[in-house]
Structures are given as structure tokens and as C-alpha cells.
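Scroll down for the structure; my scribbles are underneath it.
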Amino acid sequence: MININEKIKSIFNYFAAEGSKSKSVCLKFGKMNYILLKRRSISFNPKSHIIENGFSFAWTKRKRDFFICPKNESNPHIIISGMSGFGKSTLFKSLLMQIRSFDIPCIIFDAHNEHADVVRNLKGSVHNAIYSGINILELDGASVSERISELTRLFKEVYALGYIQSTKLSECLWYTYRKSGARSRSDRSIAKAPVIKDLLDELSIFIKNSKSQGERNTLIHLRDRISLLNNTAFSGNFLSLKDISNELHSFSLASMKSKEVQYIYIGELLNRIYATMHDRERKHTLKLYIMIDEAQFITDNSESNAIIPKLIEEGRKYGVGIIIVTHAASTLNKKIIGNSSTFVSFYAREPSEVSYISKVLSGNDNYVAFAVMGRLNSLQKNEAIVISNEFRSPVVISTPNFNEIKFERKEISYSEAKELMKTAAKRPIRRKDANTPNNIIDKLIVERFVDKFLLNEEWIMWHNPSLSIEHEVNVKIISEFFQVNGITHRIVDNSTGPDIVAFIDGKKIAIEYETGSKSLESTSKMINSRILNYDRIVIITKNELLDYYINICADKKIDVISHVDYEKHLKGRY
């Protein structure tokens, strides 16, 4: 299996043999309608009786196709800004299709899974980020000490950790690496890299051995936050493809509900691209475009979010271009704005955003800014103002509308769908999120490759003899309920722990969803184990099994709740 670093290197290596060839890329943004030009003006001053020469700016009609050629710009980076519904995503798709026509590889971060169809149509690969794993504890050529420092800094930034938590995390990471075979902090390779679960297990040991209640609470709080990463997105390097000739990969972030989890995932992947980039020879030809759609949190103006500015500043030298789509350009890191050659703005309404965009488009010239601001407020759908290093004067263009783009959606084959489903539905997903035609899902269900379960809506999961889809769906839904209600919890994905551990008012509560498949002996053994290790136990089950579990739990402080009413019961009791 090819790991993620080998995969990224392969994207760059594809063009290594073509180093001397210059890819003459020109991207059509639409049709030019107007350009802002400086005009001489003559005015009469009645007080001095003198005719004065002056100047003004006027929008002048120009009708022609509008292209941006990255080779003529100082860098290939592009920012697209504006309100939703005015054409940003359609322009994004249009640019993607053109970039691929020049055989330039692309990595796309798709916040809402909007671009899956066009990516597949271009013979690219769509990865559900939650199932395309990156093991963030892998060394990847760094020393143990360097990786501990990077991870501590990352978690400190994302979760706003204090000094004590950061110090404890660093210490815990060292113990985790030691148990995985690291002999010293200078080691740059170990037999088997630890995963998030190993880190959580080590934190649990630290909690058990804590010397004070304050230290214990600090560690529990830290473990609860990191437990959000204990899923397939961070449990191993599943991000690999046998065939890498397509050079187009889209990462759907829609399944990652937490902003912090998305930040860590994107940040880790981009950091690896950044590290790999420096292994390549400096050649000023386009080798890769990274396209980020609506991921404001990875591009915002905070000083901690440094990876995009670093790629923007240095990527040009290694043939890496960045395209960013955002609702609000004013929130972007100023280094991103300052080092991006092309800036495209659709309609904006918020006053401070309009003021900021006008200054960017005008180069801080008050006369130009005034003219731009007036035009910005009157832009229609699929209209935008563009400026670049080659086109210093702002230009109004008509961008492509959806009907003008030939998507030619192709049906996915049964064998392709089967392979995609194997990865995308290792754990339950809602049928509507499967991005697979219903007739193919039905066929996979009939042939028993996929299990289905109905609970308010239909869920599907790749068949696994050791997992019950009913159990997995209900555990997922209970976890979502806790997350929505701000209840700290974690799913325990092993045979010895409860399904979910929740932390409420300083109490550790074991949550079990029971399908009735366990024997009476196994159930009794499980209950006795939970009583010893947890403050409270909650068993959630089907209506028809309520009496069975109530009888088993008689004379014990255990809540037995129907899966239909668990929300009401949990809200009322906890």
C-alpha cells in the first residue's frame, strides 16, 4: 500500500521528466465587459477664473474574452471572493476543468461536497475525508522530538491549550512514542508508528496516576478533546491509490462535523505537501494546483494558521499554485492577499467587506476605490471584478453560468461503485450521502455486499460479519446527540470498553446500545464490569427488549432506556 507521502511525491514526480518543458497555461475567466480607465478632465474654477486640468476614472466598455495566463503573472495564485449564489462555485468548476485540460494535477478541499460530480467526470478520485486516513503521529522523516513539538503546537493552537496541558501532552506523547519503539528523542524512524488510540490510552494511564484532582481534571479535559480525533480519519494511512495517473483528488470534508477536526486534517495534508515540495528541483512551471473551497478556518487571519501563507509565499518557486474560494476576503491572512496575483470579487454586501475589497482592487488608490465600490454594489449574478499583476486596472467580467459549463455527467460503473463503497461505508453513512446511484446501492444490498438499516432515514454500511449495522448506527446517532448538546464524550471502539463514555458534572458515564444479541452470561459480565469502573450506566435498547434488560438490571443503579425516547430521558436526567 502506498502511503500518503509516496502518493504526494508521485504527483510531483509525474512532471519531473518534463522539467524543461513549459506548460503554456491560459485560463478563461469569462468575457470582459468594462475596464476602469483614467481620463483627463478640464474644470473651471469660478473663484480664480482659471481652467484646471485634472483626471477622473470611468468604466469603459471592452468586449472580448478575458484570460489570465499564470506564466505572465508574478505567481499562479488566485482568490475568489463574494456572497453565496453569485457564481463563485461555478467559476471554480470552470477553472478546474480548464486546469485539467492542461494535464496539471489538482488537490481539492471541498467543504460541502459540491464538486464530486465534476471531479468524477474528469476521471479524478473523490475521497471522503473521514475514511481517507492520515496518521498524524507518523514521523515522516522528522525526529521524535520534532514531531512531538509540532503536535504539541498544533493541539495548543486548535484547542487553545494552556501551559500545563501543553506540557503534559508533550510528556505523554514521548511515552507514547517510547512504547512504539522509540529509543531516543532523536530517532527518525520506528518500527510501527503510534496512532491516536495509543495516545488516548497513554493519557488514561496519566489520569490514573495523577497526583492531584486539578491535574486529573486537566488531563481528562485534554483526553476528551483529543478523543474527537479517534476515528478512521486519523487512525492510519488509508489514503493511497494503485493508479495515480489521473492526478486529480478531491477531499470531501462534509462528514467532518467539527471545525477543529477539519483544521487538523487539512493542515496535516498541506504540511506534508509543503515538506515534499522542497524535495523537488526549483522550476517555474506549473506542477500542481491546490484548490480550497469555503475552508475559511484554514485560511483565516490568525497568526497560527501559517501553512497556506507558507505555500503561497514559496509555492511559486516549485510550481505550486493555490486557488481559494471564500465568502469574506477580509478574514483571509494578509500574507495570502499580498502574495496572490489574481483577485476576483463577486457581489458583496457587508460594509466592511465592501470597503476592504475596494481597497484591494484599487491598490489603496482612493479615486479608484470609490469607482470600484460603486460598481461592486451593482454586480449581478455571474458578474465579477478582477485585478491581477498583468491587468492592474480593475476589469468587470461576465463569468460562466452553470448552463454554459459542459459537465457531461457520466454514470459510475458497478465495479467502480463497489470499490468506492468499500471505503466510504466502512462505518454507517446516510444513504443520501453515499454519492452513488440508488440502483447500484440496491444491487449491492441484494448481493449482500452492503447492509441497510432504517431509523428515521435509511443508513447503509459495507457488510462486516463482526459488526451490526443496527448497533453502529445507533451509537453514531447517540454520539451526534451528545455533540449537538455539548456533552463531552468519546466513542470507545474496542471490545472491552462501553460503546460511549460521557463526562457529565464530573461523573464518568458508560453508555451501551444493546441489540439483544449477547448471551445472558455475557450481558451480566459486561454490567458487573461497568459498575466497577463507571459512576453511572445507561443501557439503550429497542422497545421489545426493555423488559428483558430491566429484569437483568434489577437492584442495580442502571438506567434502561428505549432508543425512541433516549433524548428525552438523557436530557431530563443529565
query = Quick check: is even one residue across the range 534-548 aromatic (F, W, Y) and modelled with pLDDT of 85 or more?
reply = yes
task = All but one of (1) buried (at least 17 other Cβ atoms within 10 Å of the Cβ); (2) of a type outside the set (K, R); (3) touching a residue at least 40 places away in the same chain (Cβ under 8 Å) hold for Q483, so report the exception by its number.
result = (1)
ask   = Does L137 qualify as being modelled with pLDDT of 85 or more and assigned to a loop (DSSP other than H, G, I, E, B)?
value = yes
query = Can you name the condition, by its number, that Y163 falls short on among (1) crowded, with 17+ Cβ neighbours inside 10 Å; (2) without any contact (Cβ under 8 Å) to a residue 12 or more places away in the chain; (3) not β-branched (V, I, T)?
reply = (1)
task = Taking the residues in the range 458-475 that are buried (at least 18 other Cβ atoms within 10 Å of the Cβ) and either closer than 14 Å to Y513 by Cα or among the aliphatic types (A, V, I, L, M) (or both) as candidates, determine which candidate is farthest from the chain's Cα centre (by Cα).
result = E470
query = Which residue pairs have Cβ atoms closer than 6 Å, lie 6 or more positions apart in sequence or on different chains, and pair a first residue in the range 525-540 that is in the same structural domain as S495 (by TED's automatic domain parsing) and hydroxyl-bearing (S, T, Y) with a second residue that is surrounded by fewer than 21 Cβ atoms within 10 Å (Cβ to Cβ) and modelled with pLDDT under 90?
reply = Y534/K508
query = Does any residue in the range 263-282 that is over 18 Å from I108 (Cα atoms) come within less than 8 Å, Cβ to Cβ, of a residue that is modelled with pLDDT of 80 or more and part of a helix (DSSP H, G or I) six or more places away or on a different chain, and which pairs are these?
reply = H278/Y318; R280/Y318; R282/K317; R282/Y318
Which numbered condition V144 fails, given (1) surrounded by fewer than 21 Cβ atoms within 10 Å (Cβ to Cβ); (2) free of Cβ contacts under 8 Å to residues at least 60 places away in the same chain = (1)
note = Those residues of the range 171-184 that are within 26 Å of H221 (Cβ to Cβ) and part of a loop (DSSP other than H, G, I, E, B) come to a total of 1
remark   = Restricting the range 57-94 to residues that are crowded, with 23+ Cβ neighbours inside 10 Å and of a type in the set (A, V, I, L, M), the one farthest from L361 (Cα to Cα) turns out to be L91
key: Enumeration of residues in the range 327-370 that are surrounded by fewer than 20 Cβ atoms within 10 Å (Cβ to Cβ), over 23 Å from the mean Cα position of the chain (by Cα) and of a type in the set (G, A, S)   = G338, S352, S355, G363
note = Flagged in the range 258-280 as among the aromatic types (F, W, Y) and at pLDDT 80 or above, in numbering order, are Y263, Y265
query = For the range 208-235, what are the residues that are out of contact with any helix residue (DSSP H, G or I) (no Cβ under 8 Å at 6 or more places or on another chain) and either part of a loop (DSSP other than H, G, I, E, B) or β-branched (V, I, T) (or both)?
reply = N209, K211, S212
ask   = On the given criteria, is L36 part of a strand (DSSP E or B), crowded, with 16+ Cβ neighbours inside 10 Å and modelled with pLDDT of 85 or more?
value = yes
request  = With respect to F481, determine if the residue is closer than 24 Å to L203 by Cα, aromatic (F, W, Y) and not assigned by TED's automatic domain parsing to the domain that holds N121.
outcome  = no
query = Has the range 469-492 got any residue that is hydrophobic (A, V, I, L, M, F, W, C), outside any helix (DSSP H, G or I) and over 27 Å from L229 (Cβ atoms)?
reply = no
ask   = What helices (runs of 4 or more DSSP H) completely inside the range 287-361 contain at least 1 residues that are of a type in the set (K, R) and at pLDDT below 90?
value = 307-315, 334-338
Hits in the range 358-372 (condition: touching a strand residue (DSSP E or B) at 6+ places or on another chain (Cβ under 7 Å) and more than 14 Å from A329 (Cβ to Cβ)) = Y367, V368, A371
remark   = Inside the range 373-396, the number of residues satisfying the requirement of being free of Cβ contacts under 8 Å to residues at least 60 places away in the same chain and either in contact with a strand residue (DSSP E or B) (Cβ under 7 Å, 6 or more places away or on another chain) or not in a loop (DSSP other than H, G, I, E, B) (or both) is 5
request  = Inspect the range 502-520 for any residue being crowded, with 17+ Cβ neighbours inside 10 Å and in a helix (DSSP H, G or I) and give the result as yes or no.
outcome  = no
request  = Go through the residues of the range 184-202 one by one and say whether even a single one is at positive phi and either at pLDDT 90 or above or buried (at least 21 other Cβ atoms within 10 Å of the Cβ) (or both).
outcome  = no
remark   = T152 passes all but one of the listed conditions (1) in a helix (DSSP H, G or I); (2) crowded, with 19+ Cβ neighbours inside 10 Å; (3) assigned by TED's automatic domain parsing to the domain that holds Q98; the exception is number (3)
inquiry  = I'm told H112 meets every condition in (1) under 19 Å from S125 (Cα atoms); (2) assigned to a helix (DSSP H, G or I); (3) at pLDDT below 85 except one. Can you identify the failing condition by its number?
reply    = (2)
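The values are calculated or read from the model by the stated rules, or taken from the named source; none is laboratory data. Only a predicted model underlies this, so the values are computations on that prediction, with no experimental measurement involved. A quick note on method: Cβ atoms are made from the backbone with ideal geometry, for glycine too, and the neighbour counts reach across all protein chains shown.
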